[in-house]
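As structure tokens, the structure follows; a few thoughts come after it.
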Amino acid sequence: MSDDGLFQLGMDLEARDCEGRDFTAFVEPRSTTHTEDNTSTAPAAHLQDDRLDHFIERAGVRCAGSHLIIDLYDASRLDDLPYIEEALKTCVEEAGATLLHIHLHPFEPTGVSGVAVLAESHISVHTWPEAGYAAFDVFMCGDAKPERCVEVLERAFRPGRSQVSELLRGKEVA
């Protein structure tokens, strides 16, 4: 895959804005890996505090992050790609997350599918305007507040009803 193809997917090796300008100098590097210093005699809890994995604690459970499955029924504006993009950006802002890239794809005759790639993970969407239904996945780790996206999406798409499920991802990670 070409470097441009990786950029289109939000997977390029250098952080760039939507116009291709390098902004790595302005973004704190994040890592999900940890190199352990085997020479340290510090207790394991101290080493864990220094990790850059951005694990969270939810309801007393340490996990990689909160993954919200959000179903909107009898919703509106589900075929309006620019509107959906703005709603995703509002989700990112209100959740306190870091947007890396958004890619949305319109379907013919109707529907939109896409993803907002975040430093904290992602928000994905798939819409069925003819049925008034939208499926959103909001997965975030660290200090982000994914639950704030529910309110944003309900305000934006005014569903007749919504259903939200939460999965705590990575509960088995030591």
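Each reported figure results from applying straightforward, stated rules to the coordinates on display, with no laboratory input. The shown structure was predicted, so the numbers you read here are calculated from the model rather than taken from an experiment. When we count neighbours, we look across all protein chains shown, and the Cβ atoms used for this are built from the backbone with ideal geometry, even at glycine.
In cubic angstrom, how much convex hull volume per residue do the alpha carbon atoms of region 62-169 span? Don't skip to the answer; put the middle values down first.
On the way: hull volume 8.4 nm³, N = 108.
Hull volume normalised by residue count: 78 Å³.
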Can you sort Glu120, Glu85, Glu130 by how many other beta carbons sit within 10 Å, fewest first? Glu130, Glu85, Glu120
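Suppose a student asked you for the relative contact order of region 115-174, using Cα pairs under 8 Å spaced at least 6 residues apart; what percent would you report?
Numbers: 44 pairs, mean separation 12.2, N = 60.
RCO, region 115-174: 20 percent.
Scan region 93-174 for chymotrypsin sites (Phe, Trp or Tyr not before Pro) in coil per DSSP, keeping those whose Cβ has at most 14 other Cβ atoms within 10 Å, and list them by number. Please report the intermediate quantities before stating the final value.
Working: sites: Phe107, Tyr133, Phe136, Phe139, Phe157; in loops: Phe107.
Loop-located and lightly packed - Phe107.
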